[in-house]
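So the structure is just underneath, and the comments pick up after that.
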Amino acid sequence: MQNIIIRNATIDDIEKIADIKIEGWQTAYRGIIDDDFLDSMDREKEIEKRRNNIENGVSIVVAELNNEIVGFCLYRNYNNYPEKFKKEADCEISSLYVTSKLKRNGIGRKIMQYVIELLKKEGKTKMILGCLKENYPSRAFYDKMGGKIMDYDEIEFGDKKYGLAIYEYDIVNM
């Protein structure tokens, strides 16, 4: 996939970002998160969340292929995780999605490498990210990208708690 362009997201991108996230959840998390929760994901609420992200300066990059957004990453140059993980990292990736029809084509790798380079330029050294414990394909990707599981936690969606694998990356040596 040579023609991938990674760039900062704009307000014009939010609908596609929302669609990629919802489609990503409904495919990757089927069988992990309750179907009722996945089936009731609200596109308008997701669009509003992403609009608020961009308007409030949260960093989002998108991947384009042939002028179509095919993936995105929301990241922070600080650690927004619970207090027990604050000392472990100085930055984070909180969302990384590629449209399911193009997964395993190197797009996620390109997005993640791009974000890591941006964070390194800001002087960041340790990055954190969480992945659902039972999401084995994504966990394999994060392992392959150099992440090390540092701990486990829980996250709640709807009325149910799910296991979360917490990864740490030594981005200085990547």
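Figures for the structure shown
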| item | result |
| --- | --- |
| Lone qualifier among Gly57, Gly108, Gly123 - being crowded, with 19+ Cβ neighbours inside 10 Å, farther than 20 Å from Gly163 by Cβ and not aromatic (Phe, Trp, Tyr) | Gly108 |
| Test for Lys103: is it of a type in the set (Lys, Arg) and either over 16 Å from the mean Cα position of the chain (by Cα) or crowded, with 20+ Cβ neighbours inside 10 Å (or both) | no |
| Where a residue in region 158-174 is free of Cβ contacts under 8 Å to residues at least 12 places away in the same chain and farther than 25 Å from Val115 by Cβ and its partner, wherever it lies, is part of a strand (DSSP E or B) and not small (Gly, Ala, Ser), with Cβ under 6 Å and at least six apart | Lys161/Glu154 |
| Filtered residue count, region 3-53, keeping only those that are more than 23 Å from Gly106 (Cα to Cα) and under 15 Å from the mean Cα position of the chain (by Cα) | 4 |
| Filter result (touching a Cys at 6+ places or on another chain (Cβ under 8 Å), in a strand (DSSP E or B) and closer than 25 Å to Gln26 by Cα) within region 127-165 | Ile128, Leu164, Ala165 |
| Checklist (1) at pLDDT 95 or above; (2) surrounded by fewer than 19 Cβ atoms within 10 Å (Cβ to Cβ) applied to Tyr78, failing item | (1) |
| Odd one out for Tyr142 among (1) touching a Lys or Arg at 6+ places or on another chain (Cβ under 9 Å); (2) over 14 Å from Ala89 (Cα atoms); (3) surrounded by 16 or more Cβ atoms within 10 Å (Cβ to Cβ) | (1) |
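The values are calculated or read from the model by the stated rules, or taken from the named source; none is laboratory data. Bear in mind the structure is a predicted one, so any value in this text is a computation, not a measurement. Glycine gets a Cβ as well: all are built from the backbone with ideal geometry, and neighbour counts include every protein chain shown.
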